[in-house]
């Protein structure tokens, strides 16, 4: 059992390095997976909690500036991934990121409380749970997977009962037992890992819950501050209950208030009128969109008529309209079905390409224009469709079309 599990509120601990091995990890940075070089370090003991039991890993420092980027468990060892090399035998001070640790403790103990009340009062059992990562710019919303749907009334009642127990300052205790102890038969568990060794931790919340758990927990429900159940989601036959605990509730509220202030400034109306005003804007937008679509259809009919009235049938017809939409494209392809037709709509980094006609030239033109306009699509026979991501080469479209049809002219 690690020091972090014996003393969840401690932020520093001095321990001796047992081993240090070069290693690498794929970590996400700026939305991309990158490979980081570092070292796997094992200490005699650790204040850092290794990821497990649904709880995220602790982060922090070893010494003054050696970053701990991840801690994982291998059997009875905690493996620290550090940015700098250390030497076996070194005695070093471990310092955890306390804000992250306490946030993890709040979410984990909060999950135990929610799951206990769901099971005890509503016969709704927890199957698993997931702790979201929280960042300065985004509040992580965790979820509990349960074995049956949860109504809004039940969710409201569970939230009220959770917060009532928080106000009562119900104590949370951790007791150690050896395997086979009869008291463990009364505890809730989804089983122990195959490589688990040592004493078994039983986390008790007053008379509400006894649960086998390896994680770090608050010592009193008052430290949770508050619990907010947000919503449920039915996903692939599973019911997920999304929730926030403690500091995440406050951060979520702060973000919500900031969005409300921004909406008030944009809409130039008070928060109580936001919904009415947005509904009116949606109705107006719907009418405007329909009107615009009808006008584009009329333009397409007029443009098609003009082309069909030409004395000599052209080898191809090409239209580019920034504000064009699907109805504009459909009208042109319907009216000019006997022609080799190329239609492009959109601007910036979003648009569509459609090529219709007869022969292999349709797909040939489509592929070359998709490449020219950073597009992606496909087709066969008489039609080619693509999504366009760049219009910087739009002026070269006709040149590409002519190069494709020239050999057959």
_Given the DSSP H assignment, sum -39500 (n - 2.57) over each helix run of at least 4 residues in the chain and divide by its residue total; what's the result at 222 nm in deg cm²/dmol, nearest 500?_
-11000 deg cm²/dmol
*Stretch gain in nm, segment residue 382-residue 84, where the contour uses 0.36 nm per residue and the Cα spacing is subtracted*: 101.2 nm
_Mean separation of Cα contacts under 8 Å (6+ apart) over length of the chain, as relative contact order %_ = 10
*Using alpha carbon centroids, what distance separates the stretch 1-65 and the stretch 125-153, in Å?*
25
*Going by the alpha-carbon gyration tensor, a ≥ b ≥ c the square roots of its eigenvalues, is the stretch 109-179 rounded (a/c under 1.5) or, if a/c is not under 1.5, prolate (a/b greater than b/c) versus oblate?*
rounded
*By the gyration tensor of its Cα atoms, with a ≥ b ≥ c the square roots of the eigenvalues, what is the shape of the stretch 102-259: rounded for a/c under 1.5, prolate for a/b over b/c, or oblate?*
prolate
*Quick one: P(r) of the chain from all Cα-Cα pairs, 20 Å bins, percents rounded to integers, in order of increasing distance.*
20, 34, 28, 17, 1
*When the chain is fully extended, how far beyond the present Cα-Cα distance does residue 67 get from residue 338, taking 0.36 nm per residue of separation?*
90.8 nm
*Looking at the stretch 3-96 from every direction and averaging, what is the projected area of its Cα convex hull in nm²?*
6.2
*Please give the helix 98-122 orientation as an angle from the longest Cα principal axis of the chain, in degrees from 0 to 90, rounded to the nearest 10.*
90
_Net length gained if the chain between residue 97 and residue 398 were fully extended (0.36 nm per residue, minus Cα distance)_ = 102.4 nm
*Rg in Å to one decimal, and Dmax rounded to a whole Å, for the stretch 296-343 via C-alpha atoms*: 10.0, 29
*Calculated FRET efficiency for the pair residue 256/residue 30, C-beta based, R₀ 22 Å, to 0.05*: 0.25
*Relative to the first principal axis of the alpha-carbon coordinates of the chain, what is the inclination of helix 361-372, with its axis defined by its Cα atoms, in degrees from 0 to 90 and to the nearest 10?*
50
*Return the distance in nm (one decimal) between the two label points of a simple spin-label model at residue 306 and residue 176, each offset 7 Å from Cα along Cα→Cβ.*
8.6
_Just to be sure I understand the model, the point goes 7 Å from the Cα along the line to the Cβ. What's the resulting residue 235 to residue 349 distance in nm?_
2.6
*Principal-axis tilt of helix 274-308 within the chain, Cα atoms, nearest 10 degrees*: 30
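Every number here is computed from the coordinates shown, using simple stated rules; none is lab data. Just so you know, these numbers come straight off a predicted model, no measurement behind them. Note that we place each Cβ from the backbone using ideal geometry, even for glycine, and neighbour counts take in every protein chain shown.
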